[in-house]
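The values are calculated or read from the model by the stated rules, or taken from the named source; none is laboratory data. In this text, all values refer to a predicted model and were calculated from it rather than measured experimentally. Here Cβ is always computed from backbone atoms with ideal geometry, including for glycine, and neighbour counts include all displayed protein chains.
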Amino acid sequence: MKTLVLGASLNEERFSNKAIERLIESGHEVYAIGNKKGEISNVSINTDFLHIENVHTVTIYLSKKIQKLYYDYIVRLKPKRVLFNPGAENIEFSNILIKKEIYFENACTLVLLSTNQY
């Protein structure tokens with residue numbers, strides 16, 4: 001499944017970094033957007049919007065305030081699912097996703113992967 005990690009970090013202690021590693025280990029095709037360019041396990045972190053076809057999951061590691069910059073972008077991607085990781089929960093954006101008929105969950109990507117629920 002194609003997954004976009006929004007809020008990707010080069011810092012190995014950050015959960016977004018760990019999620020990219022685990023997604024790759026689990027065989028997922030991973031794309032990443034963060035505030036600094038770099039690379040995690042051969043996945044380029046981009047600072048600009050990416051054109052990605054057939055995105056299954058957008059997993060978010062951004063505050064509500066920063067997420068606003070990505071609302072239209074995520075909706076245009078038409079993902080099958082949006083995951084709000086702990087601390088990224090967002091009622092305003094959740095309501096937009098409901099109107100656009102895009103499924104979302106308040107869930108931890110790492111937990112979903114470790115329990116085979118991803």
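Can you name the residue in the range 100-118 that is assigned to a loop (DSSP other than H, G, I, E, B) and β-branched (V, I, T) and is also nearest to the chain's Cα centre (by Cα) among such residues?
By that ranking, first place goes to I102.
If we scan the range 56-65, do we find a residue that is surrounded by fewer than 16 Cβ atoms within 10 Å (Cβ to Cβ), touching a Phe, Trp or Tyr at 6+ places or on another chain (Cβ under 8 Å) and under 19 Å from A8 (Cβ atoms)?
Yes, the range 56-65 contains at least one residue that is surrounded by fewer than 16 Cβ atoms within 10 Å (Cβ to Cβ), touching a Phe, Trp or Tyr at 6+ places or on another chain (Cβ under 8 Å) and under 19 Å from A8 (Cβ atoms).
Looking at this structure, is S16 touching a Ser or Thr at 6+ places or on another chain (Cβ under 8 Å) and either surrounded by 12 or more Cβ atoms within 10 Å (Cβ to Cβ) or not basic (K, R) (or both)?
When the stated conditions are applied, S16 passes them.
Which residue is nearest to K68 (Cα to Cα), if the candidates are limited to the range 1-31 and must be of a type in the set (S, T, N, Q) and part of a loop (DSSP other than H, G, I, E, B)?
Here the answer is S9.
Kindly provide the set of residues from the range 74-99 that are outside any loop (DSSP other than H, G, I, E, B), hydrophobic (A, V, I, L, M, F, W, C) and touching a residue at least 12 places away in the same chain (Cβ under 8 Å), ordered by number.
Correct list: I74, V75, L77, V82, L83, F84, F93, I96, L97.
Going by what's in this entry, would E92 be described as over 21 Å from Y31 (Cβ atoms) and among the charged types (D, E, K, R)?
Criteria met by E92.
Enumerate the pairs (first residue in the range 41-57 and free of Cβ contacts under 8 Å to residues at least 24 places away in the same chain and assigned to a loop (DSSP other than H, G, I, E, B); second residue anywhere and surrounded by 14 or more Cβ atoms within 10 Å (Cβ to Cβ) and among the aliphatic types (A, V, I, L, M)) with beta-carbon separation below 8 Å, excluding pairs fewer than 6 apart on the same chain, so at least 6 apart or on different chains.
From the range 41-57, the pairs are S41/I20; S41/I24; N42/I24; T47/I33; D48/I33.
For the range 28-44: of the residues being modelled with pLDDT of 95 or more and small (G, A, S), which is surrounded by the most Cβ atoms within 10 Å (Cβ to Cβ)?
A32
Would you pick out the residues in the range 5-39 that are among the polar types (S, T, N, Q) and either in contact with a Pro (Cβ under 6 Å, 6 or more places away or on another chain) or touching a residue at least 12 places away in the same chain (Cβ under 8 Å) (or both)?
Correct list: S9, S16, N17, S26, N35.
Please go through the range 100-118 and give me each residue that is among the β-branched types (V, I, T) and more than 14 Å from T3 (Cβ to Cβ), ordered by number.
Once the filter is applied, which keeps residues that are among the β-branched types (V, I, T) and more than 14 Å from T3 (Cβ to Cβ), the range 100-118 yields I102, V111, T115.
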